[in-house]
Amino acid sequence: MIASGPRPVRFGDLGLRVVSGLVLAAIAFANVWAGGAWATGLVALALVLMLWEYRRVVTGDGRAFAPALVVAAVASTVALVATTGWSAGHGLVWLAAGTFAVALAAGRQAAWMTAGFLYMTLAMGALLVIRAKEPEGVFLILWMVLVVVATDVGAYFVGRAVGGAKLWPAVSPGKTRSGAIGGLAAAAVTGLLFALAMDWNPIRIGFLSVGISVCGQAGDLLESAVKRRFGIKDASALIPGHGGVMDRLDGIMGGVWFFAICDALGVGVIGS
């Protein structure tokens with residue numbers, strides 16, 4: 001009996017993923033670099049699209065003007081505008097009011113809708129707060145995004161090339177432990193290189209990069225768990241090769257949550 005060789009590595013969707021990813025990255029970077037209303041508008045648009053995708057996942061209803069979705073979209077946008085126009089405190093006040101309105105409008109899905117609304121709106125609001133830090137805000141976002149992308153790329157290539165034991169097969173059968181380790185390594189190297197380029201503390205940024213990578217992968221798994229719970233593969237098909245906006249930003253939101261908490265505790269402040 002002849003033993004079969006290793007399974008071929010399949011990168012058939014890589015070209016489409018790269019092209020669509022680069023186009024989106026260029027648009028996002030231009031708006032984040034411009035800051036102000038441009039950054040707020042981009043983040044608000046992404047959040048509204050994610051809320052539509054999330055409601056579609058948990059209810060099976062893809063209508064664009066369902067009452068609960070309209071309430072969530074308006075409430076989240078007002079909270080983001082209040083955050084950038086006045087302060088994070090104002091944004092939190094509007095977020096609290098919006099959460100109550102979403103719970104009333106969502107009916108039987110109130111728990112799922114309010115949980116998703118809070119998780120995503122807080123993450124995207126924190127992203128705008130980070131952007132408002134001058135002069136380093138735009139570079140902090142660039143660093144976090146590069147770390148999450150490096151995690152994704154490292155996990156993609158190492159996982160498909162090495163394979164091995166699954167990371168959490170009940171939630172995401174395609175992810176492997178080798179891929180997770182490869183993603184962590186890629187994130188650490190990316191963070192260190194970025195720190196050296198920016199003259200930031202490389203040890204601090206290296207540890208934060210690993211934390212962002214871990215929480216980014218956790219955010220990815222969290223979204224996978226929700227989709228698995230409701231029997232959905234992709235949040236939508238809005239982004240060719242990537243699925244939906246939520247599929248693309250789940251890791252970034254996890255990383256933002258980690259950094260925002262560290263920053264609030266005085267751990268995430270960039271120092272020399």
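The table below gives the values:
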| read-out | value |
| --- | --- |
| Pairs with Cβ under 9 Å, 6+ apart, first in segment 191-206 and surrounded by fewer than 18 Cβ atoms within 10 Å (Cβ to Cβ) and part of a loop (DSSP other than H, G, I, E, B), second at pLDDT 90 or above and not charged (D, E, K, R) | Asn201/Ala195 |
| Which listed residue is basic (Lys, Arg) and surrounded by fewer than 22 Cβ atoms within 10 Å (Cβ to Cβ), from Arg55, Arg63 | Arg63 |
| Answer from Val158, Val145, Val153 - the residue that is assigned to a helix (DSSP H, G or I), within 17 Å of Thr190 (Cβ to Cβ), under 12 Å from the mean Cα position of the chain (by Cα) and not assigned by TED's automatic domain parsing to the domain that holds Ala79 | Val145 |
| Qualifying residues in segment 104-140 (those that are assigned to a helix (DSSP H, G or I) and charged (D, E, K, R)) - the one farthest from the chain's Cα centre (by Cα) | Arg108 |
| Residue in segment 98-108 that is under 14 Å from Ile212 (Cα atoms), surrounded by 19 or more Cβ atoms within 10 Å (Cβ to Cβ) and out of contact with any strand residue (DSSP E or B) (no Cβ under 6 Å at 6 or more places or on another chain) present | no |
| Qualifying residues in segment 183-226 (those that are acidic (Asp, Glu) and under 19 Å from the mean Cα position of the chain (by Cα)) - the one nearest to Met120 (Cα to Cα) | Glu223 |
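The values are calculated or read from the model by the stated rules, or taken from the named source; none is laboratory data. Worth saying up front: this structure is predicted, and the values here are computed from it rather than measured. Note: ideal-geometry Cβ built from the backbone for every residue, glycine included; neighbour counts use all protein chains shown.
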